[in-house]
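The values are calculated or read from the model by the stated rules, or taken from the named source; none is laboratory data. All values reported here derive from a predicted model rather than from experimental measurement. Backbone-built Cβ (ideal geometry, glycine too); neighbour counts: all protein chains shown. For the accessible areas, the whole protein counts, side chains as well, though only heavy atoms, and no ligand, DNA or RNA atoms are used. Shrake-Rupley method; radii C 1.70, N 1.55, O 1.52, S 1.80 Å.
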Amino acid sequence: MKKRFGGINRYQLPPSFYKFRDILAQFVPPFIFFQAIRTILFPTSVDVLILIILVALEVCFYFEWI
């Protein structure tokens with residue numbers, strides 16, 4: 001039988017994935033803080049890109065998209 005919406009069922013993922021996700025969610029805010037200070041003091045395009053990626057990751061954790 002074909003899947004109707006064709007995505008990953010979040011209940012089929014292994015429990016270790018959720019454990020890793022929770023650990024990663026705890027480490028992202030301090031990295032955002034450090035990267036924001038570094039970007040303010042020494043702004044480069046790589047620093048801004050890393051900061052944008054970290055903020056996007058935190059938004060995904062907040063809205064539980066991951």
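Couple of notes before you dig in:
- Yes/no for TYR62 being modelled with pLDDT under 95 and open to solvent by less than 80 Å² (accessible area, probe 1.4 Å): no
- Some residue of the stretch 10-18 being open to solvent by less than 80 Å² (accessible area, probe 1.4 Å), part of a loop (DSSP other than H, G, I, E, B), out of contact with any His (no Cβ under 8 Å at 6 or more places or on another chain) and modelled with pLDDT under 90: yes
- Residue list for the stretch 24-55, filter: among the small types (Gly, Ala, Ser) and surrounded by 10 or more Cβ atoms within 10 Å (Cβ to Cβ): ALA25, ALA36
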